[in-house]
Amino acid sequence: MSHLLIVDDDPNTLASLARAFRLAGHEATVADHAGRALELVRTQSFDLIFSDVVMPDKDGITLLEEMRALGMTAPVVMISGQATVDMAVRATKLGALDFLEKPLSTEKLLLTVENALRLKRLEQENRELRARVGRHEIVWKSEAMRRVMAQVERVAAGESRVCILGETGTGKELIARAIHEGSPRRDGPFITLNCAAVPGELIESELFGHEKGAFTGAASRHLGKFEQAHSGTLFLDEIGDMHGVMQAKLLRVLEEGEIERLGGSGGIRVDVRVVVATHRNLEEQVRNGGFRQDLYHRIFVFPVVLPPLKERKGDLPVLVEHFSRAISQVNGWKPKAFTPAALEAMERYSWPGNVRELRNAVERLLLLAETEVDPETVRAALPQTGASRPSGTLALRVEAFERETIRAELECSHHNMTEAARALGLERSHLYKKCAQLGIDVKGMRRAED
Ligand SMILES: Nc1ncnc2c1ncn2[C@@H]1O[C@H](COP(=O)(O)OP(=O)(O)OP(=O)(O)O)[C@@H](O)[C@H]1O
Ligand SMILES: [Mg+2]
């Protein structure tokens, strides 16, 4: 059952529409003037709204405008006895779904309801789909990431082993998943094992499984990650942390394409594509004996290197927008904009935790900001911003230097604008202007006479 709202100043139209909708199994609420309709949409939610155009207190198009301004998203169908093309155009621009002319046929009305509700369902499904896909969506704009993504696309299509390298939080797991989803194995499973998170003595049974009674506590047969990943992809995360003994066992499996469960008798063939990742320098580990050279050659077939975020600042604005939208949607928050100066301040930060740190920072910033995220909010959430070495174009570095100089001077002069302006050799009005340009908050600053 759907909840419909009918707005019309003519009591006969209201009664006959309400009756037709109720007979068709819908719930119908009526409003005999625009003001009443506004009251209703403030407190109730409707699946579809029918509104007359010509009404004494307010015309239907202004009503639609005001309902949209209140954040009402339900589809609206306009009905009119004296529709003009101009009205129809205005209504369509405001997102009216349809424009029906009086007299209305019941058949046409019910068909309109059906179509509108189907469209609403489709939109809802699309939103859910996007939210699901969005979790694995890779967002980028920089040239460095364009090259990475081109590599990913090429390598995904084949069967070669891939080794993903990159600092913590650069998106290694996301890329591993993208390789699986872009591969002919996409309908098979994507199974992950974090080699650093499993204690040494458990990793063998995690990877290869065990038979019932294989060791104390093995109460039943357990399928290992290799078998779970059969016909799909096995992602071995933090491979650089794998124990030496396990490295030897993994090497044998990769060479033979067979695993053996603990306590089992005989090999089991598995069809698995292995993708590995590490934040460590594997070559160096090989040199100092921490990683087997033969295994290194087996897995290092196709390296994909994810650059740290500080080397691809071009991705920052699109990532901020992506996370901001996703976080607001999940939490039901009203979207807040990031000012250009705030984004610049974020670009000056070094992001040691890379994209993961950025995601967490965006969430913090959205919580801290009153209306929009400005440089002050960024400074409150990222204490290092001001202190980090400026990077980027000369203009940006000069600007960062100016900002720090003025801020330091304001500190020295105990936030006295007149004194700071004098020390800097500037007119006070010029200093105010500079502060506004550089995003320095001057609220609460004092003048000489204070
Ligand atoms: N380009 C990107 N677009 C969208 N989200 C991203 C991107 N890169 C990373 N993320 C998000 O950042 C977070 C960290 O990514 P991920 O877990 O893949 O990094 P990682 O390199 O595996 O980190 P770690 O080394 O700490 O395991 C995840 O929430 C991921 O969805
Ligand atoms: Mg990871």
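Farthest towards the positive end of the charge dipole of the range 143-307, among the residues M149, P199, P303, is the Cα of M149, using unit charges on the Cβ of Lys, Arg, Asp and Glu.
With contributions of -39500 (n - 2.57) from each DSSP H run of at least four residues, the per-residue ellipticity at 222 nm computed over the chain stands at -15000 deg cm²/dmol. Modelled label positions at H3 and N360, each set 7 Å beyond Cα in the direction of Cβ, lie 4.0 nm from each other. The residues of the chain have, on average, 53 Å² of accessible surface per residue, using a 1.4 Å probe with all protein chains present. When a/c is below 1.5 the answer is rounded, else prolate if a/b is larger than b/c, else oblate, so apply that to the range 9-61 with a ≥ b ≥ c taken from the square roots of the Cα gyration tensor eigenvalues. It is oblate, given that a/c is not under 1.5 and a/b is not larger than b/c. Could you please state how large a percent of the accessible area of the chain is carbon and sulfur, counting protein chains only and using a 1.4 Å probe? Percent of accessible area from carbon and sulfur atoms in the chain: 51. Modelled label positions at E404 and K433, each set 7 Å beyond Cα in the direction of Cβ, lie 2.6 nm from each other. Computed from phi, the 3J(HN,Hα) profile of the range 266-279 under the Karplus parametrisation 6.51, -1.76, 1.60 (θ = phi - 60°) reads x, x, 10, 6, 10, 10, 9, 8, 9, 10, 10, 8, 7, 9 Hz, with x in place of Gly and Pro. Which one of P189, P352, P11 has the biggest mean-square fluctuation once the chain is modelled by GNM with Cα springs under 10 Å? Comparing P189, P352, P11 in a Gaussian network model of the chain, the most mobile one is P11.
Among the GluC sites (Glu not before Pro) in the range 226-293, none sits in a DSSP loop with a Cβ that has at most 14 other Cβ atoms within 10 Å. Sparsely packed loop sites in the range 206-284 (the trypsin sites (Lys or Arg not before Pro) outside DSSP H, G, I, E and B with at most 13 other Cβ atoms within 10 Å) comprise K212.
Just report the Cα centroid separation between the range 275-307 and the range 168-196, whole Å. Measuring centre to centre over Cα atoms gives 17 Å. Does the chain come out rounded, prolate or oblate, given a ≥ b ≥ c as the square roots of the eigenvalues of its C-alpha gyration tensor, rounded meaning a/c under 1.5 and, failing that, prolate meaning a/b above b/c? It is oblate, given that a/c is not under 1.5 and a/b is not larger than b/c. Which entries of K313/K433; K212/K249; K141/K310; K313/K336 show an alpha-carbon separation above 18 angstrom in the structure shown? K313/K433; K212/K249; K313/K336, as the Cα separations exceed 18 Å there.
Applied to the range 315-324, the Karplus parametrisation 6.51 cos²θ - 1.76 cosθ + 1.60 on θ = phi - 60° returns per-residue 3J(HN,Hα) values of 7, 4, x, 6, 5, 4, 5, 4, 5, 4 Hz, with x for Gly and Pro.
Residues whose amide H falls under 5 Å from that of T170, counting only those 5 or more places apart or on a different chain, are V355, with hydrogens built in the peptide plane. Can you tell which of T13, G425, T371 lies farthest toward the positive end of the dipole of the chain, using +1 and -1 charges on the Cβ of basic and acidic side chains (Lys, Arg; Asp, Glu)? Most positive-ward Cα: G425. Taking all protein chains as shown and a probe of 1.4 angstrom, H243 keeps an accessible surface of around 110 Å². For the chain, a Gaussian network of Cα nodes joined below 10 Å ranks P307, P340, P103 by mean-square fluctuation, and the top entry is P103. A cut-off of 5 Å between modelled amide H atoms, ignoring neighbours fewer than 5 places along the same chain, links N194 with D237.
For the range 53-113, the Cβ-based charge dipole about the Cα centre amounts to some 80 debye (Lys, Arg positive; Asp, Glu negative; other atoms uncharged).
Distance between the 7 Å Cα→Cβ label points at N281 and Q44: 6.9 nm. Residues whose amide H comes within less than 5 Å of that of L262, counting only those at least five positions distant or on another chain, are G209, H210, E211 (H built at 1.01 Å from N in the peptide plane).
Shape call for the range 296-415 from the C-alpha gyration tensor, a ≥ b ≥ c root eigenvalues: rounded (a/c under 1.5), prolate (a/b greater than b/c) or oblate? In terms of gyration-tensor shape, oblate. Give the calculated FRET efficiency between L394 and D187 to the nearest 0.05, with a Förster radius of 51 Å applied to their Cβ-Cβ distance. Efficiency for this residue pair is about 0.50.
Under 25 Å of direct C-alpha separation, and excluding same-chain neighbours fewer than eight residues apart, K108 reaches these lysines: K93, K120.
Think of the range 143-307 as a dipole: +1 on every Lys or Arg Cβ, -1 on every Asp or Glu Cβ, centred on the Cα centre; then among P184, H279, L251, P184 lies furthest on the positive end. Considering only G267, G244, G81, the mean-square fluctuation computed in a Gaussian network model of the chain, springs between alpha carbons under 10 angstrom, is largest for G81.
Computed from phi, the 3J(HN,Hα) profile of the range 242-251 under the Karplus parametrisation 6.51, -1.76, 1.60 (θ = phi - 60°) reads 6, 5, x, 5, 5, 4, 5, 5, 5, 4 Hz, with x in place of Gly and Pro.
The values are calculated or read from the model by the stated rules, or taken from the named source; none is laboratory data. Everything numeric here is computed off the predicted structure, so don't read it as measured data. No Cβ is skipped: glycine too gets one built from the backbone with ideal geometry, and neighbour counts run over all protein chains shown. Side chains are part of the model used for accessible areas, which takes the heavy atoms of the whole protein and leaves out ligands, DNA and RNA. Shrake-Rupley method; radii C 1.70, N 1.55, O 1.52, S 1.80 Å.
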